[in-house]
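Since every read-out is calculated from the coordinates, none of them should be taken as a lab result. The structure displayed is predicted, hence computed values, not measured ones. Glycine also receives a Cβ, built like all others from the backbone with ideal geometry; neighbour counts cover every protein chain displayed.
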Amino acid sequence: MPPIMGAAAFIMAEFLGVPYIEIAKAAIFPALFYYFALFMAVDFRAAKIGLRGLSRDRLPNLLNTLKTGWILLAPIFALIYLLVQGYSPQKSVVLSIVVLII
């Protein structure tokens, strides 16, 4: 979710006593729409000022990037997994930080 929307979702979950994952499920389409609109705005602006992406031969190899950087995704996957399993947002964040440190 976008940053402000994510913060509001945590506050709503706390005030309403609804599990965070339920609020996140309800917010998935607005969040996807937000990121799509953001992508399009950046893409249109880049096209307007003539920015171009890297050529295919200069792009980093996806497999090599994942081999060296997969560890950075572990805390994100841990956070999502813990929230889906029903852990509180606070406990999920603390355990995700532990995964990051390890």
**Complete:** At R0 = 30 Å the Cβ-Cβ FRET efficiency linking ALA8 and ARG56, nearest 0.05, sits at 0.15
**Prompt:** Of GLY53, GLY86, ILE23, whose Cα points farthest to the positive end of the dipole of the chain (charges on the beta-carbon: +1 Lys, Arg; -1 Asp, Glu; origin at the Cα centre)?
**Reply:** GLY53
**Item:** Summed side-chain charge close to LEU51 - residues other than LEU51 whose Cβ falls under 10 Å, Lys, Arg +1, Asp, Glu -1
**Value:** +2
**Complete:** In nanometres, the difference between 0.36 nm per residue of separation and the alpha-carbon distance of LYS91 and PHE36 is 16.7 nm
**Request:** Treating only the Cβ atoms of Lys and Arg (+1) and Asp and Glu (-1) as charged, compute the dipole magnitude of the chain about its Cα centre; round to the nearest 20 debye.
**Result:** 440
**Convex hull per residue volume in Å³, alpha carbons only, for segment 55-102** = 92
**Asked** Using the C-alpha gyration tensor of the chain, what are the square roots of 5 times its eigenvalues, in whole angstrom, with the largest one first?
**Response** 32, 22, 9
